[in-house]
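The values are calculated or read from the model by the stated rules, or taken from the named source; none is laboratory data. Note that this is a predicted model, so its numbers are computed, not measured. Neighbour counts are summed over all protein chains in view; Cβ atoms, including those assigned to glycine, are modelled from backbone coordinates with ideal geometry. Protein only, heavy atoms only, side chains kept; ligands, DNA and RNA dropped before computing areas. Shrake-Rupley method; radii C 1.70, N 1.55, O 1.52, S 1.80 Å.
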Amino acid sequence: SVLCLGDCQLQTSCRIQKCTTDFVSLTSYLNSALESFDLEFCKALRAYSACTYRNSKVCRGNLDYHSAVLGISDLMSQRNCSKDGPTSSTNPELTHDPCNYSSHTEARKHQGVEKTPPTTYLFCGLFGDPHLRTFKDHFQTCKVEGAWPLIDNNYLSVQVTNVPVVPGSSATATNKITIIFKSYQDCTDQKVYQAVTDDLPAAFVDGTTSGGDGNTKSLQIVEKVSGKYVEMHARYIGTTVYVRQLGHYLTLAIRMPQELVMAYEESQDLQLCVNGCPSSERIDDSGHLPLPVMGQLLPQSGAAHPRSVYTLETATTKCHEKMLVKDIYFYSCVFDLLTTGDANFTAAAHSALQDVEALHPRKEHWHIFPSGGGGGMGKDSKFSVGLGLVCLILVVFL
């Protein structure tokens, strides 16, 4: 028997294996591409070091213990980790799923004394003629004819192809979307998804509907409406993508964590969702519809552009049937009807707003109003909006 006097603890065996297991668990979800990697790795190393120190007496003759001590010292030197500082929690109840992004964020909340801020999610959407809502909640209407990158970071690439809607007009709409989910650890191999007008598949190009382990499905395609609406859920990067076909054109909406959105090289700076459209491609003025009133501009004779079957009044009435709030989505709907005469653009604007409500994390930012205004717009404002839209249409057709 052993008699303990005062505050003492009886340790009967070396627990170095437990220290090592905890360290592996704490670092298994870390990604070296993220800015927080060194900070979190050093916190885990200090926790590992503290655990070995607590077991130093009972582990004196254990080779694994001495290897761990030397390994910790080498890693601290390589990563420039200070010996003093916050340590990661080694809560045995906490488990990490490396292929579940939300699991990563929950794990961080249990690490160290510093409070971990909640994950910030960003939204980007493209619809209509086309109208772009960037990750910064800037709203733009652009030409961007041909193939353009919406997103191009270390985890995901999204490219859209836009074609003219009306012959002779600057207005275009999306008829092809290519999405590449890049290979990520053991969670998924590279998966490519491609949709074109009248071919919106519920599978990746290789015929599969998921990536990664068949049980966890860290990446999955879900068909909501056959040939018209699919969702892609990438759990390993906390990302959701909606792709729809409305009429002859496609729309896209995406939600992605900010730290992953910003994980790209300098050469990847041409991303419409991140930096918006180049100024030379913009149809709108300062990110808002309508344009300021510039006087009455009439088409030159011989322009021979097909005319919309909608007047400003009938287009406004049509859009108001679907959207009661006269925000930028409502005015985009009016703009598209006057430009194309295609009623499917009403559904496109309406579904784009629904996608915002489903994916955008901040309800107070769902609606964007022209000229930075609020929801209440008086008659004068409405009249100015109407004239501005007419002027914008005429400018597009000139």
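Filtering the stretch 159-180 to residues that are among the hydrophobic types (A, V, I, L, M, F, W, C), over 14 Å from residue 230 (Cβ atoms) and within 16 Å of the chain's Cα centre (by Cα) leaves 160, 180. Does the stretch 153-167 hold any residues that are open to solvent by less than 20 Å² (accessible area, probe 1.4 Å), more than 22 Å from residue 259 (Cα to Cα) and assigned to a strand (DSSP E or B), and which are they? Listed by number, the residues that qualify are 160, 162. When residue 251 is tested against (1) within 15 Å of residue 160 (Cα to Cα); (2) open to solvent by 20 Å² or more (accessible area, probe 1.4 Å); (3) in contact with a helix residue (DSSP H, G or I) (Cβ under 8 Å, 6 or more places away or on another chain), exactly one condition is not met: (2). Just one of the listed residues (86, 98) is at pLDDT 80 or above and either under 18 Å from residue 30 (Cα atoms) or in a helix (DSSP H, G or I) (or both), namely 86.
Can you tell which of 150, 200 is buried (at least 23 other Cβ atoms within 10 Å of the Cβ), at pLDDT 95 or above and either in the same structural domain as residue 267 (by the TED database) or within 19 Å of the chain's Cα centre (by Cα) (or both)? Before you say what the answer is, go through the steps one by one.
Values: 200 fails: buried (at least 23 other Cβ atoms within 10 Å of the Cβ).
Of 150, 200, the one residue that is buried (at least 23 other Cβ atoms within 10 Å of the Cβ), at pLDDT 95 or above and either in the same structural domain as residue 267 (by the TED database) or within 19 Å of the chain's Cα centre (by Cα) (or both) is 150.
Out of curiosity, is residue 224 open to solvent by 20 Å² or more (accessible area, probe 1.4 Å), in the same structural domain as residue 273 (by the TED database), of a type in the set (Lys, Arg) and touching a residue at least 12 places away in the same chain (Cβ under 8 Å)?
Working: open to solvent by 20 Å² or more (accessible area, probe 1.4 Å): yes; in the same structural domain as residue 273 (by the TED database): yes; of a type in the set (Lys, Arg): yes; touching a residue at least 12 places away in the same chain (Cβ under 8 Å): no.
For residue 224, the condition - open to solvent by 20 Å² or more (accessible area, probe 1.4 Å), in the same structural domain as residue 273 (by the TED database), of a type in the set (Lys, Arg) and touching a residue at least 12 places away in the same chain (Cβ under 8 Å) - is not met.
Scanning the stretch 168-213 for residues that are aliphatic (A, V, I, L, M), touching a Gly at 6+ places or on another chain (Cβ under 9 Å) and outside any loop (DSSP other than H, G, I, E, B) returns a single hit, 173. Of the residues making up the stretch 255-272, those that are in a loop (DSSP other than H, G, I, E, B) and either among the basic types (Lys, Arg) or out of contact with any strand residue (DSSP E or B) (no Cβ under 7 Å at 6 or more places or on another chain) (or both) are 262, 263, 265, 269.
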